[in-house]
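A short write-up of the structure that comes next.
The values are calculated or read from the model by the stated rules, or taken from the named source; none is laboratory data. Keep in mind that this is a model prediction, so the values were computed, not measured. Positions of Cβ are backbone-derived with ideal geometry, glycine not excepted, and every protein chain shown enters the neighbour counts.
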Amino acid sequence: MTHAASRTHHAAPTRLVVRTEPVDEIDPLIPRADPRTPLLWMRRGEGIVGLGETLRIESSGPDRIEDAAAAWRSIAAVADVDDRVGLPGTGLVAFGAFAFADESASTSVLTVPELVLGRRDGRAWVTRISLATGDPDGLDETGGPGATDASGAPDAEGAATPPGLAIPEPAPKRQVPRVTFTPGAVPPEAYEAAVAEAVRRIDAGVLEKVVLARQLVGELHEDAGLRAAINRLAEDYPDTWVFAVDGLIGASPETLVRVDHGTVSARVLAGTTSRGAGEASDRERATALAASTKDLAEHALAVASAVKRLAPHTARLDASPEPFTLQLPNLWHLATDLKGTLGDGSSSLDLVQAVHPTAAVAGTPRRIALPVIAVLEGFDRGRYAGPVGWIDGDGDGEWAIALRCAQVEPDGRVTAYAGCGIVHDSVPSDELAETVMKFRPIVEAFGG
Ligand SMILES: C=C(O[C@H]1C=CC=C(C(=O)O)[C@@H]1O)C(=O)O
C-alpha cells in the first residue's frame, strides 16, 4: 500500500469522528459537488456527494482491493459514529475506484470525504467526518498502515478536527464542456484486427471469450470543471450508476455487487444490440438480442463467472431464470439479476475482491483472457472496467463496474474507454460499431 506523498502520515491509529444528521432537503445534489474533484454516486436522483477529504487510502498491485478492504476494516472498527438517519450511505463512508489490472500503473483509491450530502427514500442528510488523533481509549495498532490524514491539521490529543466545510449552495447550471475526441491507443482498424485475432484464438480453442476495449482521447479546456458533464450523464442515463471518484466519471448500468444488511445483489450485463429507429424496430432488436446464440453465449459466461465467485460467500444466491433485455437510451443489453444472502460476514469490498474481474469485462477462462487482453489491447486500462462505488462502516456498499466512463487527469487529459465481449462468432466491424454506441454517454457528456 502506498501513501499520497504530499499528505501527512500519522503513526497513531486513524480514528474518525462521524456525525450524520437529517436535513430538510439537499436537492439538487450534483450542483453542490466540487467542480474540480467531484466525488459522487447517484442513481435516479438519489445518492451521495462527498466534499473535501479527511482520509485517503491508496493501493496498487495484485492485492490492491484486499489491502484496501483490510485498512478499511481497521478504520471502521475504531470510528466513533453517531448516525441519526440509518440509511444506506449514512454514517461513515468512503468512495472508491480500483484499477482493472494487477499490473496497472494507476493507483486505486478509497477516499473519505469531510462532508457527505445524501438523499435516499425521500430523506436527506449531512454527514461530517473528521479526524481524531491520539489514543484516548487506549487503542493501539489500529487504523492500518494505508491511511493518510488529508487534513494536515495539527490535532490536539484525542480531539476531533473541528468541522470545517459549509454545505455548498447549488451552482448555476452551465453548458457541458466541449471535448473533441480522437482515437487513442487502439485506432479503429487496429481494434478490428485485434477482434479478428481474438476470434482466431477462440476458434483455436485457446479461450472461450475475451473482452477487448479501445480508447478515445481528448483535452478538457474548461475552468468550470466536471459538474456539467456529470449532470448530463445523470439527466440522460437516470437508471445507471452515475459516479465521479478521483477524476473517473461515468454512467454504468452494471452493478458489480451490492451489500445491504446481509442481502447481496448484482446485475450482470453482457450481450448488446443497438436501439431501433421506431418502436416496432426497437422491439424487434430486443427480441433478436434475447434469441441471439452469440449474445446468449457471451452472457452465460459472464453470469457463470459472477455466480462462481459469489457463491462461496453467500448462504443463498438466486439468478433471474432467463436473461432479460435491459433498455438504455443508447443500446439494449442482456441482463441477469443475482440476489442472495451473505453467508460469511464479508464486506462489500471483500465481495468486490472475490468477483473482480468478471467475464463481462475480462473473459473465460479468466487466467487466459487477462494476458490475451494485455497483448491484444496493448494499453493500460487504468480504472476502466474496475470496481467503482462506496463502502460504509459496517462494510455494506454499492459497487459498479466502471463502464461508459472516462478518466480526467488534473492537466485536462481525458481518456474514454469502451469494450466488447468477443466470442466465436463475433464480427470485427460489428464490435467496432458497438464500441461507438458505448462511447455515446461520455462523448455526449463532453458536448459531442
Ligand atoms: C465492456 C463493456 O461492456 C460490457 C458490459 C455489457 C455488455 C458488454 C458486451 O455486450 O460486450 C460488455 O461485456 C463496455 O461497456 O466497455
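Going by the conditions given, is GLY86 under 17 Å from ILE391 (Cβ atoms), surrounded by fewer than 17 Cβ atoms within 10 Å (Cβ to Cβ), at pLDDT 95 or above and in the same structural domain as MET42 (by TED's automatic domain parsing)?
On the way: under 17 Å from ILE391 (Cβ atoms): yes; surrounded by fewer than 17 Cβ atoms within 10 Å (Cβ to Cβ): yes; at pLDDT 95 or above: yes; in the same structural domain as MET42 (by TED's automatic domain parsing): yes.
So GLY86 passes the test.
Listed residues GLY397, GLY393; which is surrounded by 24 or more Cβ atoms within 10 Å (Cβ to Cβ) and under 26 Å from LEU55 (Cβ atoms)? Explain how you work it out, then say what you get.
Numbers: GLY393 fails: surrounded by 24 or more Cβ atoms within 10 Å (Cβ to Cβ).
Step by step, each of GLY397, GLY393 is checked, and only GLY397 is surrounded by 24 or more Cβ atoms within 10 Å (Cβ to Cβ) and under 26 Å from LEU55 (Cβ atoms).
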Task: Pairs, first in the same structural domain as VAL210 (by TED's automatic domain parsing) in region 354-366, second acidic (Asp, Glu) and within 9 Å of the ligand (Cβ to nearest atom), C-beta under 8 Å, six or more apart - done: ALA360/GLU254
Open item on the list: Go through (1) within 16 Å of the ligand (Cβ to nearest atom); (2) free of Cβ contacts under 8 Å to residues at least 12 places away in the same chain; (3) polar (S, T, N, Q) for SER281 and report which single condition fails.
Closed with: (1)
- [ ] Report, ordered by the first and then the second residue, all pairs with beta carbons closer than 6 Å, sequence separation of six or more or different chains, a first member in region 323-337 that is touching a residue at least 12 places away in the same chain (Cβ under 8 Å) and farther than 12 Å from GLY271 by Cα, and a second member that is within 13 Å of the ligand (Cβ to nearest atom) and hydrophobic (A, V, I, L, M, F, W, C).
- [x] ASN330/MET437
- [ ] Among what's in region 174-192 and is surrounded by 16 or more Cβ atoms within 10 Å (Cβ to Cβ) and closer than 27 Å to PRO28 by Cβ, pick the residue that is nearest to the ligand (Cβ to nearest atom).
- [x] VAL179
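May I ask you to list the residues in region 253-266 that are within 16 Å of the ligand (Cβ to nearest atom) and surrounded by fewer than 24 Cβ atoms within 10 Å (Cβ to Cβ)? Give the derivation first.
To start, the set of residues in region 253-266 that are within 16 Å of the ligand (Cβ to nearest atom) comprises 253-257, 266.
Result: PRO253, THR255.
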Open item on the list: Is it the case, given these coordinates, that ALA185 is modelled with pLDDT under 95 and either touching a Ser or Thr at 6+ places or on another chain (Cβ under 6 Å) or farther than 25 Å from MET42 by Cα (or both)?
Closed with: yes
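Each row is one residue, and each column tells you yes or no for (1) buried (at least 17 other Cβ atoms within 10 Å of the Cβ); (2) under 18 Å from LYS339 (Cβ atoms).
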{"position": "ALA288", "(1), (2)": "no, no"}
{"position": "ALA291", "(1), (2)": "no, no"}
{"position": "ASP295", "(1), (2)": "yes, no"}
{"position": "SER305", "(1), (2)": "yes, yes"}
{"position": "GLU322", "(1), (2)": "no, yes"}
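How many of the residues in region 418-448 are of a type in the set (Asp, Glu) and in contact with a Leu (Cβ under 9 Å, 6 or more places away or on another chain)? Can you show your working first?
Step one: filter region 418-448 for residues of a type in the set (Asp, Glu), giving 425, 430-431, 434, 444.
Right, trim to in contact with a Leu (Cβ under 9 Å, 6 or more places away or on another chain) and you get 431, 434, 444.
Of the residues in that region, 3 qualify.
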- [ ] Filter region 343-364 for residues that are more than 16 Å from the ligand (Cβ to nearest atom) and either of a type outside the set (A, V, I, L, M, F, W, C) or crowded, with 24+ Cβ neighbours inside 10 Å (or both) and give the result.
- [x] GLY343, ASP344, GLY345, SER346, SER347, SER348, LEU349, ASP350, LEU351, VAL352, GLN353
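Taking only region 286-317 into account, find how many residues are more than 21 Å from VAL352 (Cα to Cα) and within 11 Å of the ligand (Cβ to nearest atom).
5
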Open item on the list: Anything in region 229-252 that is in a strand (DSSP E or B) and within 16 Å of the ligand (Cβ to nearest atom)? List them, or say none.
Closed with: TRP241, VAL242, PHE243, LEU248, ILE249, GLY250, ALA251, SER252
Open item on the list: Of the conditions (1) within 13 Å of the ligand (Cβ to nearest atom); (2) surrounded by fewer than 19 Cβ atoms within 10 Å (Cβ to Cβ); (3) closer than 30 Å to PRO88 by Cβ; (4) not β-branched (Val, Ile, Thr), ALA385 satisfies every one except a single condition; which number is it?
Closed with: (2)
TODO: Might you check whether a residue that is hydroxyl-bearing (Ser, Thr, Tyr) and either free of Cβ contacts under 8 Å to residues at least 12 places away in the same chain or touching a Cys at 6+ places or on another chain (Cβ under 8 Å) (or both) occurs anywhere in region 227-249?
DONE: no
Task: Candidate set from region 193-228 (those that are in a helix (DSSP H, G or I) and within 15 Å of the ligand (Cβ to nearest atom)); member that is nearest to SER429 (Cα to Cα) - done: VAL195
- [ ] Inspect all residues belonging to region 428-448 and state whether any of them is surrounded by fewer than 22 Cβ atoms within 10 Å (Cβ to Cβ), touching a helix residue (DSSP H, G or I) at 6+ places or on another chain (Cβ under 6 Å), modelled with pLDDT of 95 or more and over 28 Å from GLY118 (Cα atoms).
- [x] yes
